[in-house]
1. Of the residues His175, His137, only one is surrounded by 21 or more Cβ atoms within 10 Å (Cβ to Cβ) and more than 18 Å from Gly307 (Cα to Cα); which?
2. For region 42-147, list the helices (runs of 4 or more DSSP H) that sit wholly inside it and hold at least 2 residues that are among the aromatic types (Phe, Trp, Tyr); which are they?
3. Somewhere in region 211-222, is a residue under 15 Å from Gly271 (Cα atoms) and exposed (fewer than 14 other Cβ atoms within 10 Å of the Cβ)?
4. Identify all residues within region 223-241 that are without any contact (Cβ under 8 Å) to a residue 12 or more places away in the chain and either surrounded by 23 or more Cβ atoms within 10 Å (Cβ to Cβ) or in a helix (DSSP H, G or I) (or both); write none if there are none.
5. If I filter region 269-290 down to residues being small (Gly, Ala, Ser) and at pLDDT below 95, which single residue comes out as surrounded by the most Cβ atoms within 10 Å (Cβ to Cβ)?
6. Can Trp342 be described as part of a helix (DSSP H, G or I), under 18 Å from the mean Cα position of the chain (by Cα), surrounded by fewer than 22 Cβ atoms within 10 Å (Cβ to Cβ) and touching a residue at least 60 places away in the same chain (Cβ under 8 Å)?
7. Within region 295-342, work out how many residues are in contact with a helix residue (DSSP H, G or I) (Cβ under 7 Å, 6 or more places away or on another chain) and among the hydroxyl-bearing types (Ser, Thr, Tyr).
8. Got a sec? Which of Ser312, Ser324, Ser272 is polar (S, T, N, Q), touching a Lys or Arg at 6+ places or on another chain (Cβ under 9 Å) and farther than 21 Å from Tyr104 by Cβ?
Amino acid sequence: MGTSIGIVGAGISGLHLTLRLQQLGIESTLYSRQDPDEIRSGPPLNFVTRFGSTRERENSLGITEWLSSEFDNPWMHMRIEGEESLALRGALPRPASSVDFRIYLAGLLEAVIGRGGTVVQRRPADSRDLADLAAHHDLLIVAAGRGELRDVFPRDPARSPFRTAPRVLAGGLFHGIAPPEPPGMTMNMVPGVGEIHAPTFHSFDGRVTAVLIEAVPGGAFQTVIGPEHRDDPELFAKGVLDLVTTYAPSLRERVDDKEFGLARPNDAMHGSLVPTVRRGWAEMGDGRHALAIGDAWIVNDPLTAQGANLGSAQAFQVARALESHRGGYDAQFCMTLSEQLWATAQPVVDWTNMFLGAPAPQVMSLLAAASGDQRVADAFIANLDDPPAMWHSISRPERTAAFIESAQSTRSA
């Protein structure tokens, strides 16, 4: 009989959960397909910004390597291009942090090992491998979202409106881009074409800028997506600069042509994903069950920068449930916990899916108000770290109007 929790996947969900269970004295085994050095040496899979709530959870875990203001992104700058362009910037109540996730995840995995955690380097390939792991644990928690493991948790059609990828992604870590003033993250939105994100990042060479192109399929941004750009770092950098020149002039002004280029040849990423919500649990045979969290359960487009933050929140929510639960981890336990997790995740999913479509009229009204009133801009940007509040403020026109009115009634500091 198993006497512990098995955790599959060493992304932020799996690592935050493992570290939290270590604090709570709950026995667990983490299954990771890579060791820390392999994580560091690979290409980037994403460009993650961790907001204040996630950083607070890190602090509670004793993860303090990135507390310095050197890693902070305190402001968010947005520009919406069009016949009448809009520009706004807002201060986050608590600075966000953007650290190369290869450095971040490798550091967390080393923390698990250094604190005496059990880590097994193994990559389950399919449902049979998962069933084998489940046989050794009271509950298996799957936080790895790639490959055939996703088939264990079937797609939930009621919560997954997309069947194809609404964006094609390409990005890299670049030298030669000065931070905005005041320092922070930037995002240029070109309705019908895509988005260009450019947060200041801390990577292996110190401060760099992550430029992520989110291209509407078939649109102008897709010129940097082709296979020739994957194989030629200089051609890819040139393509990114061409797009920035045409579609993000405020970002182009911060580029030093002599210095601009990928920080390292393997610092580029290309791909696409279909936003999907899967069933949150599965029967594994012999009375054992698996619970899905993180990317194994929900895949969000990076447009709203919420994926890793949601993954961390889920990990802590699961840890609280395991700490308080008495009894077996049967189907009812998994079903109930999965629905509780969905209550946390739904605002993120609905918000992100809305932004992937044509701009809703109330959203454009909100952005227009924020471009002309700093109080509205700050209130809107603050909600980046409060998905329920963000979704409430944009989900219906009357709620958006009330949000704007409330922000405008706030006395300026």
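The values are calculated or read from the model by the stated rules, or taken from the named source; none is laboratory data. Values in this document were obtained by computation on a predicted structure and should not be read as measured data. Heads up, the Cβs are rebuilt from the backbone with ideal geometry, glycines too, and the neighbour counts pull from every protein chain shown.
1. On the way: His175 fails: surrounded by 21 or more Cβ atoms within 10 Å (Cβ to Cβ).
The unique qualifying residue is His137.
2. Numbers: elements: 52-60, 101-114, 127-134.
The helices (runs of 4 or more DSSP H) meeting that bar are 101-114.
3. Within region 211-222, one or more residues are under 15 Å from Gly271 (Cα atoms) and exposed (fewer than 14 other Cβ atoms within 10 Å of the Cβ).
4. Answer for region 223-241, where residues must be without any contact (Cβ under 8 Å) to a residue 12 or more places away in the chain and either surrounded by 23 or more Cβ atoms within 10 Å (Cβ to Cβ) or in a helix (DSSP H, G or I) (or both): Pro227, Glu228, Asp231, Leu235, Lys238.
5. Taking region 269-290 and keeping what is small (Gly, Ala, Ser), we get 271-272, 280, 282, 285, 287, 290.
With at pLDDT below 95 added as a condition, the list becomes 271-272, 285, 287.
Numbers: Gly271: 12, Ser272: 16, Gly285: 14, Gly287: 11.
Here the residue is Ser272.
6. Considered against the rule, which asks whether it is part of a helix (DSSP H, G or I), under 18 Å from the mean Cα position of the chain (by Cα), surrounded by fewer than 22 Cβ atoms within 10 Å (Cβ to Cβ) and touching a residue at least 60 places away in the same chain (Cβ under 8 Å), Trp342 comes out as yes.
7. Counting residues in region 295-342 that are in contact with a helix residue (DSSP H, G or I) (Cβ under 7 Å, 6 or more places away or on another chain) and among the hydroxyl-bearing types (Ser, Thr, Tyr) gives 2.
8. Ser272
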